[in-house]
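Please treat every number below as a calculation from the coordinates, not as lab data. Since the model is a prediction, treat every value here as computed from it, not as a measurement. Reconstructed Cβ throughout: ideal geometry from the backbone, glycine too, with neighbour counts over all protein chains shown.
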Amino acid sequence: MDLGLQGKKAIVVGGARGIGFAVAEVLAREGCDIALSARGEDSVKDAVASLSRYGTKVIGKAVNVRKADEYKEWLAWAIETLEGVDVVIPLTSAGSGIGSEKYWSNAFETDVMGPVRAVEAAIPHMTEQGSGSIVLVATTSALEAMGGPQAYNAMKTSLITYGKQLALAHGKDGIRVNVVSPGPVEFEGGNWDMIKGTMEKFYASQLRQQPMGRLGKPEEIARAIVFLASEAASWCSGSHLVVDGAFTNRTHF
């Protein structure tokens, strides 16, 4: 299937590792020019070097999305250097945590305002050209009462509503907006990899709840995200795709 991404310009916020890097790799393989970010300069350099083998334009700089002014400057730089923007996929997250107000402020700035600022930077350019695709990344923790009362679940939940509102507001401008909610995903150095090494009983209990007997892989989530971002999904907008190997118990009608 031709995804229609050849020559498109994509911004991947948080694209240096895990699901974000897998997304950037699929996009590069499909012929996209890419701007990616992460908090660490070394991880950005490594990601750019790795993705450059696909022969497209790949740029990146480190930025902390919680520093609003610096982040907005990064977004402006990315759009200018790419000479436009067709696809925006913001993936940064502050992660989970219970008990301290700092988790709420960090999650709001990272998980909510990170995507919001990326969208607001891209929308004028997409509107002018009459086309564009945005994919927001939520979580299955937004769909069920998982892990206790915490900011991560609540903030990610807001992206599902925000994505639908954007799709309704900007469909007339030729802009599609969709949301993907991944289930638990394991990769080297990721949260579930660390849990596996430090909380073996908890990890085993979660593994037993997986109908397919394993956790997800970054590339499995990435392929779903990139499909929704692509021209192959041209009639998909305002949708919410759960990619979790049947982990959640919700029935979708």
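With +1 on each Lys and Arg Cβ and -1 on each Asp and Glu Cβ, and nothing else charged, work out how big the dipole of the chain is about its Cα centre, in Debye to the nearest 20.
460 debye
Determine the gain in length on full extension of the stretch Arg223-Trp235; use 0.36 nm per residue of separation and subtract their C-alpha separation, reporting nm with one decimal.
Result for the pair: 2.6 nm of gain on full extension.
Take each of the peptides 175-181, 204-210, 128-134, average the number of other beta-carbon atoms within 10 Å over its residues, and list them starting from the highest.
175-181, 128-134, 204-210
Over the stretch 129-176, what lengths in whole Å, largest first, do the semi-axes of the equivalent ellipsoid take, defined as the square roots of 5 times the eigenvalues of the alpha-carbon gyration tensor?
Working from the Cα gyration tensor, I get semi-axes of 28, 8, 7 Å.
Take the alpha carbon atoms of the stretch 47-130, find their radius of gyration, then divide it by 2.2 N^0.38 Å using N residues; give the quotient.
1.25
Which order do peptides 11-19, 220-228 fall in by mean Cβ count within 10 Å, highest first?
Ranked by mean Cβ neighbours within 10 Å, highest first: 11-19, 220-228.
Please give the per residue volume of the convex hull enclosing the alpha carbon atoms of the stretch 9-242, rounded to a whole number of Å³.
Spread over its residues, the Cα hull of the stretch 9-242 gives 123 Å³ apiece.
So how far apart, in nm, are the two label points at Tyr54 and Met194 if each is 7 Å from Cα heading toward Cβ?
In this crude spin-label approximation the distance works out to 2.7 nm.
Under 29 Å between alpha carbons, and skipping anything fewer than 8 positions from Lys57 in its own chain: which lysines qualify?
Answer for Lys57, where 29 Å is the Cα cut-off: Lys8, Lys9, Lys45, Lys67, Lys72, Lys217, listed by chain and number.
Work out how much length Ala204 to Asp173 would gain on full extension: take 0.36 nm times their residue separation and subtract the Cα-Cα distance, in nm to one decimal.
6.4 nm
Nearest 10 degrees, 0 to 90: what angle lies between the long axis of helix 68-82 and the longest principal axis of the chain (Cα atoms)?
Orientation of helix 68-82: about 50 degrees from the principal axis.
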